[in-house]
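Asker: Got a structure for you, written out below as structure tokens; questions coming shortly.
The values are calculated or read from the model by the stated rules, or taken from the named source; none is laboratory data. Just so you know, these numbers come straight off a predicted model, no measurement behind them. Neighbour counts are summed over all protein chains in view; Cβ atoms, including those assigned to glycine, are modelled from backbone coordinates with ideal geometry. Just the protein is used for accessible areas: all its heavy atoms, side chains included, with ligands, DNA and RNA removed. Shrake-Rupley method; radii C 1.70, N 1.55, O 1.52, S 1.80 Å.
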Amino acid sequence: MKTEFRIITIMIILASAILFLIIQNPDEIPKSLSFENHAKEIISINEKSKKYKMGDDMQQFNASRKLMEEKLQDLSLDLLRIKISKVTLLEGQYPFLTAQERAEKFDYVPSSICAFEQNIPLQLQKISQTENFQIFSKKYASHNLELDIFDERNDISNIHYGLIATNDNNQGASTYFHLDTCTDEITDKQPYNLNCFDKNTDYRFATFNTDDVISSYSNGHFCKIELDSWRQSLYEYSLTLRDQRRQLEQESMTGVVDQETQWNFISEMNKLGELGNIVAQIIHYNYDGQRLQEQIEQYEKQYGNIPDELSELMEK
């Protein structure tokens, strides 16, 4: 009896000590416990949203969606250490579907899809540990930040997390992360990505080039990729290709189009698209000479020699 009493006494003392440490150091609460509490709350809100939507109670549903957005804002502050001004949960993307619901809705193989809502806290922590997130948040944490979550689970069980920073001058910067909900590992092939846009000038440029992403965070612009003269000339050529595609699209919408004309339109659009892919490999990605040569050979096999203008630009 005395031995049992001593064991109980020791356990009480240990429990009190742990509680004291947690009170003194709330940041040192075990992550697993913190994640579990966050996950339970996310699941609870999500289930209520499903119930309200199935019952066609849109007032309650909108309120519960707002509650989820606020929860994700709080979670971002806790795990990403940034203040999110807005969380976007689009129609059709929320409430979050279980793995079985997602598989049945889109006729996917159930075994290829995993649930994700309970793992959102862990996935946000994984994002916070990437260099891409750390350098993005360092520059844009003081600006308005929006978090987007898109369910892309199919044969690859990916969830898309997007971060968008904007200022008061209609300029923006965005980056994104994809995580496999079965492993909670990041699946992006490129370690860095950045998209810059300026609504005032119609400027928009996306890059996966490591040097370009890193250097953009130290230049004086809100978000602009500064290209060397060679790649700048190729970028301007890509805009010409874009304009040609737009012109073809406009022409295809006017008058009666027979089958041969339609076939020529599709062929020319594909041709311009492949040229655009060749140029994009140079200006948007880390330079890969082998990959570039493979693209050129594939193009020439199908369409003949690349245009002289592009050939000359590439030789500079």
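Asker: Which one of the conditions (1) closer than 21 Å to Gly276 by Cβ; (2) open to solvent by 70 Å² or more (accessible area, probe 1.4 Å) does Asp211 fail to meet, given that it meets all the rest?
Answerer: (1)
Asker: Can you give me the number of residues within region 258-316 that are at positive phi and in a helix (DSSP H, G or I)? Give the steps one after another, and end with the answer.
Answerer: Initial filter on region 258-316 (at positive phi): 304.
Those still in the list that are in a helix (DSSP H, G or I) too: none.
Summing the residues that are at positive phi and in a helix (DSSP H, G or I) in region 258-316 gives 0.
Asker: For region 242-277, enumerate the residues that are over 23 Å from Leu313 (Cα atoms) and among the small types (Gly, Ala, Ser).
Answerer: Correct list: Ser252, Gly255, Ser267.
Asker: Residues in region 281-316 that are more than 17 Å from Leu234 (Cα to Cα), surrounded by fewer than 14 Cβ atoms within 10 Å (Cβ to Cβ) and touching a residue at least 12 places away in the same chain (Cβ under 8 Å): how many?
Answerer: Residues meeting the conditions: 2.
Asker: Is it true that some residue in region 16-23 is in contact with an Asp or Glu (Cβ under 8 Å, 6 or more places away or on another chain) and at pLDDT below 50? Step through it out loud before you land on a result.
Answerer: Residues of region 16-23 in contact with an Asp or Glu (Cβ under 8 Å, 6 or more places away or on another chain): 21-22.
Now drop any that are not at pLDDT below 50, which leaves 21-22.
Yes, because at least one residue in region 16-23 is in contact with an Asp or Glu (Cβ under 8 Å, 6 or more places away or on another chain) and at pLDDT below 50.
Asker: Taking only region 148-174 into account, find how many residues are more than 20 Å from Arg102 (Cβ to Cβ), part of a strand (DSSP E or B) and out of contact with any Gly (no Cβ under 8 Å at 6 or more places or on another chain). Please lay out each step first, then the result.
Answerer: Taking region 148-174 and keeping what is more than 20 Å from Arg102 (Cβ to Cβ), we get 163-174.
Filter once more, keeping what is part of a strand (DSSP E or B): 163-166, 171-174.
When the remaining residues are screened for being out of contact with any Gly (no Cβ under 8 Å at 6 or more places or on another chain), the result is 163, 171-173.
So the count comes out to 4.
Asker: Another question about this same structure. Please determine, by comparing only the residues of region 95-117 that are in contact with a helix residue (DSSP H, G or I) (Cβ under 6 Å, 6 or more places away or on another chain) and buried (at least 17 other Cβ atoms within 10 Å of the Cβ), which one is farthest from Cys223 (Cα to Cα).
Answerer: Selected residue: Ala103.
Asker: Let me ask you something else. Return yes or no: is Ile278 open to solvent by less than 20 Å² (accessible area, probe 1.4 Å) and more than 22 Å from Leu248 (Cβ to Cβ)?
Answerer: Numbers: open to solvent by less than 20 Å² (accessible area, probe 1.4 Å): yes; more than 22 Å from Leu248 (Cβ to Cβ): no.
Judged against the criteria, Ile278 is not a match.
Asker: Could you grab me the full set of residues in region 252-275 that are charged (D, E, K, R) and surrounded by 12 or more Cβ atoms within 10 Å (Cβ to Cβ)?
Answerer: Kept after step one, since they are charged (D, E, K, R), are these residues of region 252-275: 258, 260, 268, 271, 274.
Glu268, Lys271, Glu274 - these are the residues of region 252-275 that are charged (D, E, K, R) and surrounded by 12 or more Cβ atoms within 10 Å (Cβ to Cβ).
Asker: Here's another thing I want to ask about it. Select from region 175-196 the residues that are open to solvent by less than 20 Å² (accessible area, probe 1.4 Å) and in a strand (DSSP E or B) and write down the one among them that is farthest from Ile156 (Cα to Cα).
Answerer: Taking the candidates together, the pick is Cys196.
Asker: Mind checking which pairs have a first residue in region 111-124 that is of a type in the set (S, T, N, Q) and a second that is open to solvent by 10 Å² or more (accessible area, probe 1.4 Å) and modelled with pLDDT under 90, Cβ under 6 Å, 6 or more apart or different chains?
Answerer: Close Cβ pairs satisfying both conditions: Ser112/Asp155.
Asker: Shifting gears a bit: Identify all residues within region 110-136 that are among the small types (Gly, Ala, Ser) and under 18 Å from Pro191 (Cα atoms); write none if there are none. Outline the logic, then answer.
Answerer: Start the filter on region 110-136 by keeping residues that are among the small types (Gly, Ala, Ser), which leaves 111-112, 115, 128.
Matches in region 110-136: Ser128 only.
Asker: Here is a further query. Take Lys139 and decide whether it is among the charged types (D, E, K, R), more than 18 Å from Asp184 (Cα to Cα) and open to solvent by 50 Å² or more (accessible area, probe 1.4 Å).
Answerer: On the way: among the charged types (D, E, K, R): yes; more than 18 Å from Asp184 (Cα to Cα): yes; open to solvent by 50 Å² or more (accessible area, probe 1.4 Å): no.
In short, no.
Asker: Another one. Looking at His160, is it open to solvent by less than 50 Å² (accessible area, probe 1.4 Å) and at pLDDT 95 or above?
Answerer: When the stated conditions are applied, His160 passes them.
Asker: Return the residues of region 217-239 that are hydroxyl-bearing (Ser, Thr, Tyr), surrounded by 11 or more Cβ atoms within 10 Å (Cβ to Cβ) and either out of contact with any Leu (no Cβ under 7 Å at 6 or more places or on another chain) or at positive phi (or both); say none if nothing qualifies.
Answerer: Restricting attention to region 217-239, the residues satisfying the condition of being hydroxyl-bearing (Ser, Thr, Tyr) are 217-218, 229, 233, 235, 237-238.
Still in the running and surrounded by 11 or more Cβ atoms within 10 Å (Cβ to Cβ): 217, 233, 235, 237-238.
Those that are hydroxyl-bearing (Ser, Thr, Tyr), surrounded by 11 or more Cβ atoms within 10 Å (Cβ to Cβ) and either out of contact with any Leu (no Cβ under 7 Å at 6 or more places or on another chain) or at positive phi (or both): Tyr217, Ser238.
Asker: Just for region 55-87: of the residues that are among the polar types (S, T, N, Q) and open to solvent by less than 20 Å² (accessible area, probe 1.4 Å), which one is nearest to Ser34 (Cα to Cα)? Working first, answer last.
Answerer: Taking region 55-87 and keeping what is among the polar types (S, T, N, Q), we get 59-60, 62, 64, 73, 76, 85.
Subset that is open to solvent by less than 20 Å² (accessible area, probe 1.4 Å): 64, 76.
Working: Ser64: 22, Ser76: 13 Å.
Selected residue: Ser76.
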